Amino acid sequence: MADTVPGEGPRGDAHTIPLSQLPPKGRVLCQGRIESVTYVPADRTAAFSAIVSDSEPGRTGATPGRRARLRVVWLGRRRVPGIEAGTELRLEGMLSRSEGLPTMFNPRYEILPRQENE
């Protein structure tokens, strides 16, 4: 299966890694729900970021009572359409650490449909 255009979504043939099991760095495919987004003031360099956490509180591999988190940053953007609190995403990109959190810059992403029974 071929790669998708950046921003349209990751390859569908790979398996996602739970956020609680992310490696310290490297290319990963993971999934989670946007917990919060951060907008920067107009006088600062454009960047749009979001905190993504495990989709389900009791997800396999997660520490009880604590959700694993991932910071996602889109450089050069003040907003990314469809990216808002509560949105479920599948993300693919290079993982690094920034300010103590696993971080992905300019990842490929796919917005996943909401479950009807949530």
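The values are calculated or read from the model by the stated rules, or taken from the named source; none is laboratory data. All values derive from a computational prediction rather than experimental measurement. Virtual Cβ from ideal backbone geometry, glycine too; neighbours counted across all protein chains shown.
Some values worked out for this structure:
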| quantity | calculated |
| --- | --- |
| Close pairs from segment 52-78: first closer than 22 Å to Tyr39 by Cα and aromatic (Phe, Trp, Tyr), partner in a strand (DSSP E or B) and modelled with pLDDT under 90, Cβ under 6 Å, at least 6 apart | none |
| Qualifying position, being more than 19 Å from Thr87 (Cα to Cα) and modelled with pLDDT of 65 or more, among Ala62, Ala68, Ala14, Ala50 | Ala14 |
| Hits in segment 79-118 - residues which are among the basic types (Lys, Arg) and touching a residue at least 40 places away in the same chain (Cβ under 8 Å) | Arg79, Arg90, Arg97, Arg108 |
| Number of the condition not met by Ser96 [criteria: (1) over 26 Å from Gln115 (Cα atoms); (2) of a type outside the set (Lys, Arg); (3) at pLDDT below 95] | (3) |
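Here is a yes/no grid of residues against (1) over 15 Å from Asp54 (Cα atoms); (2) surrounded by 17 or more Cβ atoms within 10 Å (Cβ to Cβ); (3) out of contact with any Leu (no Cβ under 7 Å at 6 or more places or on another chain); (4) basic (Lys, Arg):
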{"site": "Arg78", "(1), (2), (3), (4)": "yes, no, yes, yes"}
{"site": "Pro81", "(1), (2), (3), (4)": "yes, no, yes, no"}
{"site": "Leu89", "(1), (2), (3), (4)": "no, yes, no, no"}
{"site": "Arg97", "(1), (2), (3), (4)": "yes, no, yes, yes"}
{"site": "Met104", "(1), (2), (3), (4)": "yes, yes, no, no"}
{"site": "Pro107", "(1), (2), (3), (4)": "yes, yes, no, no"}
{"site": "Pro113", "(1), (2), (3), (4)": "yes, no, yes, no"}
